[in-house]
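Remarks on the structure that follows.
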Amino acid sequence: MLPLSLLNAAQNKPMLVELKNGETFNGHLVNCDNFMNITLREVYQTSAEGDRFWKLKECYIRGSTIKYLRVPDTLLDAVKEEQHRARESGRSARGAHVSGAGARGRGAPPRGRGAVRGGPVRGARGRGRGM
């Protein structure tokens with residue numbers, strides 16, 4: 001399971017975020033991007049020592065500062081099931097494997113530049129001085 005697909009599925013769900021400096025944030029995920037930067041709403045922030053608390057309407061957390069994220073177990077199960085279903089439907093839609101001249105198996109002729117590896121060189125100079 002990819003972390004970003006899990007985060008995208010977790011939008012508007014509660015989550016706990018712990019930063020590398022020890023601070024924690026409890027809130028609902030509003031948005032996330034490819035760098036795992038996240039925006040939370042209705043946030044309770046706890047200091048690294050655990051002795052101070054703040055209530056924030058919304059906060060933005062840079063992805064590189066995140067130590068870990070905790071999401072509800074039900075969300076994990078739902079995303080796993082959804083990916084399993086998508087994988088199964090992808091397998092049935094692909095069809096049978098086709099082999100022939102277009103396939104790059106043993107029987108297909110080589111394509112592109114160059115000859116058979118280790119074969120004789122027929123007057124080719126390669127990337128020399130160009131004489």
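The values are calculated or read from the model by the stated rules, or taken from the named source; none is laboratory data. No experiment lies behind these values; they were computed from the predicted model shown. So basically every Cβ, Gly included, is an ideal-geometry build from the backbone, and we count neighbours across all protein chains shown.
Provide a single number: the residues in the stretch 12-41 that are touching a His at 6+ places or on another chain (Cβ under 9 Å) and crowded, with 16+ Cβ neighbours inside 10 Å. The qualifying residues number 2. Among the numbered conditions (1) within 21 Å of the chain's Cα centre (by Cα); (2) modelled with pLDDT of 95 or more; (3) small (Gly, Ala, Ser), the only one that Gly22 does not meet is (1). Checked against the criterion of being closer than 16 Å to Ala10 by Cα and modelled with pLDDT of 95 or more, the candidates Leu40, Leu76, Leu69 yield just one match: Leu40.
Thr74 passes every criterion in (1) in contact (Cβ under 8 Å) with a residue 40 or more places away in the chain; (2) more than 19 Å from the chain's Cα centre (by Cα) apart from (1).
Return yes when Asn26 is free of Cβ contacts under 8 Å to residues at least 24 places away in the same chain and either touching a Phe, Trp or Tyr at 6+ places or on another chain (Cβ under 9 Å) or of a type outside the set (Val, Ile, Thr) (or both) and no when it is not. Criteria met by Asn26.
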